[in-house]
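To keep things clear, I will list the structure first and then write my remarks on it.
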Amino acid sequence: MPQTDDSPTKNESELRNKLQSRLLILVAAVLWSTSGFFAKSPLFEAWPKEMDGWPVRGPLLAFWRTTFACVLLFPLVRRPHWTMKLIPTTLIFAAMSAAFLTAMTKTNAANAIWLQNTAPVWIFVVGVLVLGDVVHRRDFWLLGFALAGVGLILCFELQGQSIDGTVYGLLGGLTYAGVVISLRWLRHEDSAWLVAMNHFVTGVVLLPYIIYLGIWPSAGQLAFLCAFGIFQMGLPYWLFARGLKGIPGHEASGLVLLEPILVPVWVFLAWRNEASYERPAWWTLVGGSLILFGLLCRYGRFWRRETDLCRIGNRDDQLRRETEDRDGERQES
């Protein structure tokens, strides 16, 4: 009997696709969380943070990171397809890269990440009202705890902080929301093509400014920047774009909130003995715990249930195939 659209097999396949998409997003979040490890490296202390009021280290890091990301991404492209939608998408991505890394050089790594993660609010509103994303009641639990956690941290962290760092961080959050919405908007395009073009345009936009600055990395810095671009930028964005094909943007941005929880962990493990190391405050730990609790509320019980359903589906598929094989053997005999 042919399977109908609402058959168990189709539902099981959708559940597996959702689980795979969530796993891709989580791996991307872990890789993204190494940004502080790279950007806060003592290797780049010789680069000035700014000159004559203009950011220097942030754009330099953004340019070289995106350049090496392209080295990984373009060989992965299978279906290049030009569309006018790529123009706003790539420009928003370029603005996000420069704004985020500039914020990270003007404030501590954790603050830059928290400011960027104001994005889920914008993604939720636009995704639901414009893109028609489906919302579950448990999504509001995640959004509520995430806002409480980020709000608590920013309430304390932004007191006495550089206004420039705060502005760049908020701009990074707004443009990051634009990137997620754009990737969801173009989810039917080749993931590697979308992400590669985003990075390529970022490099082209920043190149004139980099030439004007006239600051070039040493051999040791280049090797570090290569790892920065490939493992912290290129690979996770490719995974993220693939994951967005299976789940809504607001859900993906909620899962990515794992990133700011891990950022200070990697910075602590790598650079805690450096003079420039900044220890996270108590409110960062409490806020991160609220976000983590929201993630557990959203996914804990439901992740186990969907995993069990997928296991049942796999077992049913195996039994179905064994039955078909036995029927075939009887017919042959």
Checklist (1) in contact (Cβ under 8 Å) with a residue 60 or more places away in the chain; (2) outside any loop (DSSP other than H, G, I, E, B) applied to VAL125, failing item: (1)
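On the basis of being touching a residue at least 12 places away in the same chain (Cβ under 8 Å) and surrounded by fewer than 21 Cβ atoms within 10 Å (Cβ to Cβ), does PHE231 make the cut? Can you show your working first?
Numbers: touching a residue at least 12 places away in the same chain (Cβ under 8 Å): yes; surrounded by fewer than 21 Cβ atoms within 10 Å (Cβ to Cβ): yes.
Answer is yes for this residue.
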Selection count where residues are free of Cβ contacts under 8 Å to residues at least 12 places away in the same chain and of a type outside the set (A, V, I, L, M, F, W, C), scope region 259-276: 2
Residue ID - surrounded by the most Cβ atoms within 10 Å (Cβ to Cβ), chosen from residues in region 203-228 that are of a type in the set (Gly, Ala, Ser) and in contact with a helix residue (DSSP H, G or I) (Cβ under 8 Å, 6 or more places away or on another chain): GLY203
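Can we say ARG78 is more than 25 Å from GLY151 (Cα to Cα) and in a helix (DSSP H, G or I)? Spell out the reasoning first.
Details: more than 25 Å from GLY151 (Cα to Cα): yes; in a helix (DSSP H, G or I): no.
When the stated conditions are applied, ARG78 does not pass them.
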ALA103 crowded, with 19+ Cβ neighbours inside 10 Å and under 28 Å from ILE153 (Cβ atoms): yes
Number of the condition not met by LEU170 [criteria: (1) within 24 Å of ALA95 (Cβ to Cβ); (2) among the hydrophobic types (A, V, I, L, M, F, W, C); (3) crowded, with 19+ Cβ neighbours inside 10 Å; (4) at pLDDT 80 or above]: (3)
Which listed residue is modelled with pLDDT under 85 and not aliphatic (A, V, I, L, M), from THR34, THR105: THR105
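Residue-wise test of (1) at pLDDT below 80; (2) surrounded by fewer than 18 Cβ atoms within 10 Å (Cβ to Cβ); (3) within 24 Å of the chain's Cα centre (by Cα); (4) among the aliphatic types (A, V, I, L, M).
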position: PHE268; (1), (2), (3), (4): no, yes, yes, no
position: LEU285; (1), (2), (3), (4): no, yes, yes, yes
position: PHE293; (1), (2), (3), (4): no, yes, yes, no
position: TYR299; (1), (2), (3), (4): yes, no, yes, no
position: PHE302; (1), (2), (3), (4): yes, yes, yes, no
position: LEU319; (1), (2), (3), (4): yes, yes, no, yes
position: ASP325; (1), (2), (3), (4): yes, yes, no, no
position: GLN331; (1), (2), (3), (4): yes, yes, no, no
From the options LEU295, LEU285, residue that is assigned to a helix (DSSP H, G or I), free of Cβ contacts under 8 Å to residues at least 40 places away in the same chain, out of contact with any Lys or Arg (no Cβ under 7 Å at 6 or more places or on another chain) and of a type in the set (A, V, I, L, M): LEU285
Number of positions in region 24-57 that are at negative phi, surrounded by fewer than 13 Cβ atoms within 10 Å (Cβ to Cβ) and small (Gly, Ala, Ser): 1
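The values are calculated or read from the model by the stated rules, or taken from the named source; none is laboratory data. What you see is a predicted model; the values in this text were computed from it and never measured. Positions of Cβ are backbone-derived with ideal geometry, glycine not excepted, and every protein chain shown enters the neighbour counts.
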